[in-house]
Amino acid sequence: MHAALTIAAKDLKERLRDRSAIVLAIVVPLGLAFIMNLTLGPITDQAFSTDVAVADADGGPVSEAFSGMLSEVEEAGFITVSEAADEAAARAMIDADEVSTAYLVPEGFSDAVGMSRDAEITVVANPDQAIGAQVGRAMAEGFAGEVNAVRLSVATALALGAENPGALAASAAAEPSPIVLASGQTEGRGFDFATFYATGIAVFFLFFTVQFGVLSIIDERETGTMPRLLVAPISKQSILVGKLAASFLMGVASTVVLWIATTLLMGADWGSSIGVLILILAGVAAAMGLTAAIATFTTTAEQAGAITAFIVVVFGVLGGVFFPVTRVSGAFVVVSRFAPHFWLMDGFQRLSAGEGIPDILPALGAILLFAVVLGGIGLVRARDLVKY
Amino acid sequence: MTDTILVCTDLRKSYGDIVAVDGVGFTIAAGETYGLLGPNGAGKTTSISMIAGLLEKDGGSAVVVGNEITTKSTAAKAAIGLVPQDLAIYPDLTGRENLRFFAKLYAMGAGLNERVDEVLEIIELTDRADDQTKVYSGGMKRRLNIGLGLLHRPDLLILDEPTVGVDPQSRNAILENVERLGEAGMAVLYTTHYMEEAERLCDRIGIIDEGKIIAEGTRRELVALVGGRDRLHVETSGDPSTVVPDVTALADVESCSAAGSALEVVALNASRALPEVVLAITRDGLDVHSVDVSEPDLESVFLHLTGKALRE
């Protein structure tokens, strides 16, 4: 144990003195997280909004109620409402791609509603703004549902002997709008982009940081110091454990530094501290397993570094360290499960959204599976690296 | 009674069909410097790798201070210091940190710092002890490489061609260091293909070729194997190997080999053989640039025993 600690301390001293390791482990990831958050965050973080136009040829109480409902939604920041002089003007706005939806309210619309005759609002959708148009149609359908409910309530009340249909209708119409739009989060994942880039970059660079330990075994062979270690009165296991311990400490320390730095400097919210620490420890183990497994199939440190870089970048993209993979679909979603990065990001996203340790257990299990399988391969083969 | 530090018996190592070491055996006593002299590829490094516990033996035994050496025998390894042929130091650490690191691996505990200072003094690096070794000169690195080997006061110090690629000044400093270690009572196993180094440093020498020790003894004993023979070193034009058969056929020539642009000739009588050798060379169309006649030495012994020059 003493020998392993001595070797680990020596390796860490070398890494700290070799500035490139610190730069790769902390400075570059922190800088990248800052840059990505500053440049991409505002774009991807924007709330949804769409423009609609209303051509109101009616001007009656029901069409005013419709305009009032749109105004409420506008105040919530989800739409911008423009008034069109007539149907032609509204259609022109669609053709000019100025709005996603145009509502055409015909003359006599309010009367038709009041007389329980057929009444309709024409919704003109812009095919170039499909999502906005869908939202626009949904709002109109919501309003129509409300109007129908009012008519049904009034008709029912009259049938039961009510005497003042006008007051009944006014009362029903005064009920809150059935269309309620609020800024929400999907499946409870409240993931702000500062946190996303902080965790994504930390996960991505973790796999580069921990490779130093395994690569240093190859380095010792290339630089000729391995024979001197092997003739010392220590076991091969001590050498291996010392190397892996240095790697583990480097990985944990650099990720913890990134966690603290991004929290203080970028306002990232990684979530439960204990959960984050558990994920970091599991992630470092998986990263060590992956890099060890790769490195032991190579013969030089340069070769190992190049292959590791390639695989880590591919896994990083698949695992969603640069963009949320929840936004893509199809085969990509399936393939992404085979990258440890995916499970790390999943765990961090859950913690960031306020979920607890029980919620990250599936991700934790997957990460530990990667650590055990890849680490097992790496460990068995790394023992063969510790030789003359 | 002299303490025997190392006993090697019938060491064997093969790589596939290639036999690298084929029954090597010798002993080294305390205070003795033993030289393993042979050309590149003779089996020197493989032999000492087994003796140092770096390589598993295919057969035979190597016992250091009563402990059999294997790749796992930590007790035997504690008695050995190794100075590898290639530099084995950490460039980002200082000289002192390199020494302290290995001292800790040898669990030197109390007195560690004093011993580190002592070694720094021996290898004359006290003034530069706290500089990173990547800024050391080649000679300084070589000296530190040796210092790391003798740091834990081993019973047996193994030096594997420590002067390869070293400038003459540093080389001389290294040889002086090794001489002092022998005088201080350390058993030293020194491999080299430089005949002069073996002659200067070693109390006894084993001449190794093709994985076997073909002769062993003191310099005087080995040279006696050549008898009264002289050695001619003839620099020629062109490729001297073309004249080897004609020179070897001369009556007073016992053996002849080409090494670079020169012929190495072992002659029964130099004064009689020299005119015939020069005539044979010129008759074959080469010019003689210089001739050097010398008393028998280890080079002559090797030539005599193997029919080839040490540095072929």
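Every read-out reported here was derived from the displayed coordinates using simple, explicitly stated rules and does not represent laboratory data. These numbers come from a predicted model, not from an experiment. For neighbour counting, all protein chains shown are included, and Cβ atoms are generated from backbone atoms with ideal geometry for every residue, glycine included.
Annotations for the structure displayed:
- Judged by the gyration tensor of its Cα atoms, with axes a ≥ b ≥ c, the range B:122-174 is oblate; a/c meets the 1.5 cut and b/c is at least as large as a/b.
- Fully extended contour minus Cα-Cα distance, from B:Glu210 to B:Asp292, at 0.36 nm per residue: 26.6 nm
- Choice from B:Arg180, B:Arg100, B:Arg283 with maximal GNM fluctuation in chain B (Cα, 10 Å cutoff): B:Arg283
- Taking every C-alpha pair closer than 8 Å and separated by at least 6 residues, the mean separation divided by the residue count of the range B:203-291 gives a relative contact order of 29 percent.
- The long axis of helix B:95-105 is offset from the longest Cα principal axis of chain B by roughly 70 degrees.
- Counting, for every residue in B:94-106, the Cβ atoms of other protein chains within 10 Å of its Cβ and taking the mean gives 4.
- Take each residue of peptide B:86-93, count the partner chain Cβ atoms within 10 Å of its Cβ, and average: the result is 6.
- Counting only other chain Cβ atoms within 10 Å of each residue's Cβ, the peptide A:232-240 averages 4.
- Cβ-Cβ FRET estimate between B:Arg220 and A:Thr299, R0 fixed at 51 Å, reported to 0.05: 0.60
- The range B:106-155 and the range A:93-139: distance between their alpha carbon centers, rounded to Å: 88
- With 28 Å as the limit, the listed pairs B:Lys13/B:Lys77; A:Lys10/B:Lys13; A:Lys10/B:Lys141; B:Lys72/B:Lys212; A:Lys387/B:Lys212; B:Lys57/B:Lys141 have A:Lys10/B:Lys13; B:Lys57/B:Lys141 beyond it between alpha carbons.
- Ranked packing of B:152-160, A:343-351, most packed first, by mean Cβ within 10 Å: A:343-351, B:152-160
- Loop-located trypsin sites (Lys or Arg not before Pro) in the range B:19-78 (DSSP state other than H, G, I, E, B) with a sparse environment of at most 16 neighbouring Cβ atoms within 10 Å: B:Lys72.
- Rough spin-label spacing in nm, given labels placed 7 Å along Cα→Cβ, for B:Asn67 and B:Ile18: 3.2
- Here is how the number arises for the protein assembly as shown: DSSP H runs of 4 or more residues each give -39500 (n - 2.57), the sum is divided by the residue count, and the result at 222 nm is -16500 deg cm²/dmol.
- Contour excess over end-to-end distance, with Cα ends at A:Ile260 and A:Ala57 and 0.36 nm allotted per residue: 67.1 nm
- One decimal place: the segment B:Val135-B:Val164 gains 8.4 nm when fully extended, by the rule 0.36 nm per residue minus the C-alpha distance.
- At R0 = 22 Å, FRET efficiency that the Cβ-Cβ distance of B:Arg153 and B:Ala75 yields, to 0.05: 0.90
- Taking chain B as a Gaussian network of alpha-carbon nodes connected by springs under 10 Å, the highest mean-square fluctuation of the residues B:Ser61, B:Ser271, B:Ser255 belongs to B:Ser271.
- Note on B:Arg272 and A:Leu24: the model spin-label points, each 7 Å out from Cα along the C-beta direction, lie 7.2 nm apart.
- Take each peptide in B:300-307, B:24-31, count the other Cβ atoms within 10 Å of every residue, and average; sorted highest first, the result is B:300-307, B:24-31.
- Top of B:Gly147, B:Gly211, B:Gly238 by mean-square fluctuation, Gaussian network on chain B, Cα under 10 Å: B:Gly238
- Backbone N within the range B:186-208 under 14 Å of label point (7 Å from B:Thr4 Cα along the Cβ vector): none
- Inter-probe distance in nm under a simple model that places probes 7 Å from Cα toward Cβ, at A:Glu74 and B:Glu183: 10.4
- Modelled FRET efficiency - R0 60 Å, A:Asp128 with A:Leu361, Cβ distances, 0.05 increments: 0.85
- Partners of A:Lys236 within straight-line reach, counting aspartates and glutamates whose Cα lies under 19 Å from its Cα and excluding those fewer than 8 residues away in the same chain: A:Asp11, A:Asp219, A:Glu220, A:Glu222, A:Asp384, B:Glu56, B:Glu68.
- For the range B:75-180, applying the loop criterion from DSSP together with a ceiling of 14 other beta carbons within 10 Å to the GluC sites (Glu not before Pro) yields B:Glu124.
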